[in-house]
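Data first, discussion second: the structure below is written as structure tokens.
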Amino acid sequence: MFPGFAITAFSFLLLVYWFRYTCLLILNTRPAKDLSIRFAQTNHLELPRVRAALEEEPTPEQMDALRHALDADYDVVRGVLAHTACFDPDPGGAEIRMLMLNYGAVGMAFVVLRRLGRPAEARGALGEMTGVVAHLANAAAQRAVVRSGTRLMQ
């Protein structure tokens, strides 16, 4: 009985490690043309402000406000991605779903770290969430470009 439990637990830990490593690889990969800032400006997202505020070591109360702004941006980006999904022949669905799942998991980690009084780690989690929103905003912008038929490199 114990060997079966140990193998299952070890397999689960390897799966979690693979998932986190893959998400971090996706987030560290820079696109050829990053449209996330243009997308954020066009859709009045708080993403650039959140990024700038995170560099200035915000207080825990400010981090909560940044989290709420980031959640609102995430909802907008998810809506655009859902609306444009049928127009992109290769939507990168698995990558996007992984990053969405990662956003939720890191969001829970942010709440736990914030309540434990670990502001540096909570700020790191918020930074990763910002990276996810930026990556998804770039994907949404690319889909919107494909949908509109405009050229990507202007």
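The table below gives the values:
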quantity: Selection count, the range 1-41, where residues are farther than 25 Å from residue 94 by Cβ and more than 19 Å from the chain's Cα centre (by Cα); calculated: 8
quantity: Extreme residue, nearest to residue 105 (Cα to Cα), among residues of the range 49-69 that are of a type outside the set (D, E, K, R) and out of contact with any helix residue (DSSP H, G or I) (no Cβ under 7 Å at 6 or more places or on another chain); calculated: 68
quantity: Residue list for the range 28-42, filter: open to solvent by less than 60 Å² (accessible area, probe 1.4 Å) and of a type in the set (A, V, I, L, M); calculated: 35, 40
quantity: Per-region count, the range 1-47, residues touching a helix residue (DSSP H, G or I) at 6+ places or on another chain (Cβ under 7 Å) and of a type in the set (D, E, K, R); calculated: 3
quantity: Single match in 14, 25 (criterion: open to solvent by 80 Å² or more (accessible area, probe 1.4 Å) and under 18 Å from residue 132 (Cα atoms)); calculated: 25
quantity: Selection within the range 43-70 - outside any loop (DSSP other than H, G, I, E, B), touching a residue at least 24 places away in the same chain (Cβ under 8 Å) and open to solvent by 40 Å² or more (accessible area, probe 1.4 Å); calculated: 51, 60, 64, 67
quantity: Only one of 6, 32 that is without any contact (Cβ under 8 Å) to a residue 40 or more places away in the chain, assigned to a helix (DSSP H, G or I) and farther than 24 Å from residue 109 by Cβ; calculated: 6
quantity: Cross-chain or 6+ apart pairs with Cβ under 9 Å, the range 111-132 first and within 18 Å of residue 21 (Cβ to Cβ), then among the small types (Gly, Ala, Ser); calculated: 125/107; 125/109; 128/109; 129/107
quantity: Condition broken by residue 4, with the remaining ones in (1) open to solvent by 60 Å² or more (accessible area, probe 1.4 Å); (2) over 15 Å from residue 131 (Cβ atoms) satisfied; calculated: (1)
quantity: Number of positions in the range 78-93 that are modelled with pLDDT of 55 or more and in contact with a Lys or Arg (Cβ under 6 Å, 6 or more places away or on another chain); calculated: 1
quantity: Test: residue 50 is closer than 17 Å to residue 134 by Cβ, touching a Leu at 6+ places or on another chain (Cβ under 7 Å), at pLDDT 90 or above and not charged (D, E, K, R); calculated: yes
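The values are calculated or read from the model by the stated rules, or taken from the named source; none is laboratory data. Here the structure is a predicted model, which means the values were calculated and not measured. Positions of Cβ are generated from backbone atoms using ideal geometry, with glycine treated the same way; all protein chains shown enter the neighbour counts. SASA here: full protein model, heavy atoms, side chains in, ligands and nucleic acids out. Shrake-Rupley method; radii C 1.70, N 1.55, O 1.52, S 1.80 Å.
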